[in-house]
Amino acid sequence: MFTVFRGGRSGAWRVTRFAPVKGASLAPTPALSVVHTLTIALPILPSPTSWRLAGVASHLRYTERPEKSELDAVRAEIGRPEATHAALIPIKKSAAWWDLTQEERREIFEDKSQHIAASLKYLPDIARQLYHSRDLGEPFDFLTWFEYAPEHADKFEELVQTLRASEEWKYVEREVDIRMERERLDAGD
């Protein structure tokens, strides 16, 4: 199953901040939609003010059994009603990252950067899902999706700052930070 993120004029998520962090940005859009589908379909006539990114949720790549058990114990589900804030952070890593072996990447990911250990303290307040895009020929290697309640916005900022300060992030060559709020269907009430 593919997950397709489409930036455009309409969608369930209203974009509140659109910031290129490193490398080329995407075209800013006022809204974002998220669709889970069996195929990746391109629009017949793509709009110059929109874009689409696709990824696949996959197995955990650099996680050892005890870490997986810890993560599973505090995992928050995507789609919780109280999680009305979200972030989509597409990331592309450098050729130097991909030239490393799986073991070398694991060493940087967790042994040096503490990616899992540092993230655990923010769960379950922040739900997260990683989508892999590299093997699909997409412009980013990973699409990181986070959802959280408004009262956890500061915790999310802290999490992002912690990850960006790690050794792992030295290998990031392109990153865009898109923040959103869920559109309310009852806005007129």
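The values are calculated or read from the model by the stated rules, or taken from the named source; none is laboratory data. The structure presented is a predicted model; accordingly, all values stated were derived computationally and were not measured. Backbone-built Cβ (ideal geometry, glycine too); neighbour counts: all protein chains shown. In case anyone asks, the SASA skips ligands and DNA or RNA and just uses the protein heavy atoms, side chains included. Shrake-Rupley method; radii C 1.70, N 1.55, O 1.52, S 1.80 Å.
Tell me which residues, restricted to the range 129-160, are among the hydrophobic types (A, V, I, L, M, F, W, C), under 16 Å from T84 (Cα atoms) and either open to solvent by 20 Å² or more (accessible area, probe 1.4 Å) or in contact with a Leu (Cβ under 8 Å, 6 or more places away or on another chain) (or both).
W145, F146, A153 - these are the residues of the range 129-160 that are among the hydrophobic types (A, V, I, L, M, F, W, C), under 16 Å from T84 (Cα atoms) and either open to solvent by 20 Å² or more (accessible area, probe 1.4 Å) or in contact with a Leu (Cβ under 8 Å, 6 or more places away or on another chain) (or both).
Check P81 against each of (1) buried (at least 17 other Cβ atoms within 10 Å of the Cβ); (2) out of contact with any strand residue (DSSP E or B) (no Cβ under 6 Å at 6 or more places or on another chain); (3) within 23 Å of H36 (Cβ to Cβ) and name the one condition it does not meet.
Condition (1) is where P81 drops out.
Residues in the range 168-181: is at least one under 19 Å from W13 (Cβ atoms), in contact (Cβ under 8 Å) with a residue 40 or more places away in the chain and either in contact with a Phe, Trp or Tyr (Cβ under 6 Å, 6 or more places away or on another chain) or assigned to a loop (DSSP other than H, G, I, E, B) (or both)?
Yes, some residue in the range 168-181 is under 19 Å from W13 (Cβ atoms), in contact (Cβ under 8 Å) with a residue 40 or more places away in the chain and either in contact with a Phe, Trp or Tyr (Cβ under 6 Å, 6 or more places away or on another chain) or assigned to a loop (DSSP other than H, G, I, E, B) (or both).
Does I126 qualify as being touching a residue at least 60 places away in the same chain (Cβ under 8 Å), touching a helix residue (DSSP H, G or I) at 6+ places or on another chain (Cβ under 6 Å) and surrounded by 13 or more Cβ atoms within 10 Å (Cβ to Cβ)?
In short, no.
Restricting attention to the range 101-115, report how many residues are part of a loop (DSSP other than H, G, I, E, B) and either in contact (Cβ under 8 Å) with a residue 24 or more places away in the chain or aromatic (F, W, Y) (or both).
2
Filter the range 116-167 for residues that are charged (D, E, K, R) and in a loop (DSSP other than H, G, I, E, B) and give the result.
K121, D125, E138, D141 - these are the residues of the range 116-167 that are charged (D, E, K, R) and in a loop (DSSP other than H, G, I, E, B).
When you scan the range 64-100, how many residues do you find that are at pLDDT 95 or above, among the polar types (S, T, N, Q) and either out of contact with any Phe, Trp or Tyr (no Cβ under 7 Å at 6 or more places or on another chain) or part of a strand (DSSP E or B) (or both)?
Matching residues across the range 64-100 total 1.
Can you report the number of residues in the range 101-128 which are under 25 Å from E82 (Cβ atoms), at pLDDT 90 or above and not basic (K, R)?
Residues in the range 101-128 being under 25 Å from E82 (Cβ atoms), at pLDDT 90 or above and not basic (K, R): 4 in total.
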